[in-house]
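Have a look at the structure below before the remarks.
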Amino acid sequence: MAKDIWVISDTHLFHANILKFQDARGNLIRPFDSVDEMNQCMLDNWNSVVKPGDKVYHLGDVFLGDKEAFKKLWPKFNGSKRLIVGNHDDIRFLTSGGFFKQSYMWRMLKDFGLLLTHVPVHSTALKRRESRVDGSIDYCMLKNVHGHIHQNNSPGDVYPGDHYVNVCVEKTNYTPVNIEELRIR
């Protein structure tokens, strides 16, 4: 059975206060009545696409709150998980508890032309120099797959042609995105 690779960001599991966050128009950014409802939606959506042997890159801000409750819930999420550290992550806790197979500050997936980060990076960080077999130099642009900005538009939404994709749960229907979809965007 083929293994898939998935990407998601900013689940903020157990983060009660995020249910009060509003967009610029005053609308709640997460339409849940409780943390339990939010957590269950993300678990259901995650497991509806991610198979147990799949690889998942979580681009940070995994959870805020009850560590003991997180320890019980997190193993229910399918896949072999990798962490790109977010600004709200307790790095010591998340990297010492066996929650993630690996953790990174950022991760380049050269074969896919993707740079995975928590926050969007400056466009100059996306230009990659490659040496060709014939000795010539070729430049290409990576696509920055990121989180952090929740429901807000990434630079790619504002400036067409830019190489950014926001995979915050508010932008992905609280569901991981398959890497093949990111490659072709």
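Quick one: count up the residues across the stretch 135-174 that are of a type in the set (A, V, I, L, M), under 18 Å from residue 125 (Cβ atoms), modelled with pLDDT of 85 or more and out of contact with any Lys or Arg (no Cβ under 7 Å at 6 or more places or on another chain).
Number satisfying all stated conditions: 3.
Specify which of the listed residues (42, 1, 105) is over 18 Å from residue 167 (Cα atoms) and either at pLDDT 95 or above or among the aliphatic types (A, V, I, L, M) (or both).
Matching residue, one of 42, 1, 105: 1.
Provide a single number: the residues in the stretch 47-73 that are over 16 Å from residue 6 (Cα atoms) and either part of a helix (DSSP H, G or I) or polar (S, T, N, Q) (or both).
7
Quick check: is even one residue across the stretch 3-10 free of Cβ contacts under 8 Å to residues at least 40 places away in the same chain, part of a strand (DSSP E or B) and of a type in the set (Gly, Ala, Ser)?
There is no residue in the stretch 3-10 that is free of Cβ contacts under 8 Å to residues at least 40 places away in the same chain, part of a strand (DSSP E or B) and of a type in the set (Gly, Ala, Ser).
Please specify each residue of the stretch 77-114 satisfying the condition of being among the hydroxyl-bearing types (Ser, Thr, Tyr), surrounded by 15 or more Cβ atoms within 10 Å (Cβ to Cβ) and either in contact (Cβ under 8 Å) with a residue 40 or more places away in the chain or part of a helix (DSSP H, G or I) (or both).
Residue satisfying the conditions is 95 alone.
Has the stretch 14-28 got any residue that is closer than 19 Å to residue 177 by Cβ and at pLDDT 95 or above?
no
The values are calculated or read from the model by the stated rules, or taken from the named source; none is laboratory data. This is a predicted model, so every value here is computed, not measured. No Cβ is skipped: glycine too gets one built from the backbone with ideal geometry, and neighbour counts run over all protein chains shown.
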